[in-house]
């Protein structure tokens, strides 16, 4: 009885998770302007989506912010993880570790409000950053992404065998050479995972970006949220379907590469 019950529960779970996504993709090909009324198959909403300059500009801005913030956060997060794992006697190490985990558990509203107050104070004192826009969004995204990257890389560094690096040092390699030739390749999967996680979080962020953005910088989640508040339009369904397709292609590609590597 248990063996028959398990597939049923698994099927219901998958239907609950992926049923709404499948229906969204299907309704992105709906010919009718009403998303709740089926009017036949059509791809006109995809054409209208690419003709919508507001959505295209927001998508390009979100991609640019995601790539830059994820790259910078990966570098800073890796440095932070190295300090927390390798330098046990650094003064304030416990406080530093607690501050790293802070953004992980802090509500986005609190982070966004605190960063907004920080930027306003900095502008009044130093004149930088002048207003809210791309720069403030980048700083905000790097700030909370760095915490996630640090945790991912820190877990990988904690599981590494230090004897390999010690052997390289005993053979005359410099610390810099050891890092780039031994440590970096060994933690490369963690770096890739941290970068992808940071990029996804940056691309998905709405609350923090709403606090620190200005009139000249509107990210894709902000545009989608503003449109959905007035009612879901078919072009938003088309946009969501394209995002689902891109994510699916990435997952399938990574799975095939991992299978081939094994």
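Over all directions, average the projected area of the Cα convex hull of the stretch 62-111 and note it in nm².
Numbers: hull surface 17.1 nm².
For the Cα atoms of the stretch 62-111, the hull's average projected area reads 4.3 nm².
Fewest Cβ neighbours within 10 Å first, please rank 205, 162, 235 accordingly. Working shown, then result.
On the way: 205 25, 162 11, 235 20.
Fewest-to-most Cβ neighbours within 10 Å comes out as 162, 235, 205.
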**OP:** Return, for the Cα atoms of the stretch 21-83, the radius of gyration and Dmax in Å, separated by a comma.
**Re:** 19.2, 59
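Hey, what number do you get for the chain at 222 nm if only DSSP H runs of n ≥ 4 count, each worth -39500 (n - 2.57), divided across all residues, to the nearest 500?
Values: 12 runs with 199 residues, N = 262.
The per-residue figure over the chain is -25500 deg cm²/dmol.
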**OP:** Taking the Cα atoms of the stretch 66-218, report the difference between the largest and smallest coordinate on each principal axis, in whole Å and largest first.
**Re:** 57, 30, 28
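Beyond 27 Å, what share of the Cα-Cα pairs of the chain remains, rounded to the nearest whole percent?
Values: 18664 of 34191 pairs.
For the chain, the share of Cα pairs beyond 27 Å comes to 55 percent.
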**OP:** Compute the relative contact order of the stretch 66-218 as a whole-number percentage, counting only Cα pairs closer than 8 Å that sit 6 or more residues apart in sequence.
**Re:** 44 percent
**OP:** Determine the relative contact order of the chain: mean sequence separation of Cα pairs under 8 Å and six or more apart, normalised by residue count, in whole percent.
**Re:** 32 percent
Subject >> 20 Å cut-off, amide nitrogen to a point 7 angstrom out along residue 249 Cα→Cβ, residues in the stretch 171-213 >> reply: 196-197, 199-201, 203-204
Original post:
In the Gaussian network model of the chain, springs joining C-alpha atoms below 10 Å, which of 129, 189, 215 carries the largest mean-square fluctuation?
Top reply: 215
**OP:** In Å³ and rounded to a whole number, note down the convex hull volume per residue for the Cα atoms of the stretch 1-127.
**Re:** 262 Å³
Subject >> GNM result for the chain, Cα springs below 10 Å: residue of 164, 208, 65 fluctuating most strongly >> reply: 164
**OP:** For the chain, with a Gaussian network of springs between Cα atoms less than 10 Å apart, report the residue from 106, 79, 222 with the top mean-square fluctuation.
**Re:** 106
**OP:** For the stretch 81-124 and the stretch 1-73, write down the distance between their C-alpha centroids in whole Å.
**Re:** 34 Å
Subject >> Full-extension gain in nm, residue 226 to residue 135, via 0.36 nm per residue minus C-alpha separation >> reply: 30.6 nm
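Throughout, read-outs are computed from the coordinates displayed, never taken from laboratory work. Predicted, not measured: the structure shown is a model, and the values here were computed from it. Note: ideal-geometry Cβ built from the backbone for every residue, glycine included; neighbour counts use all protein chains shown.
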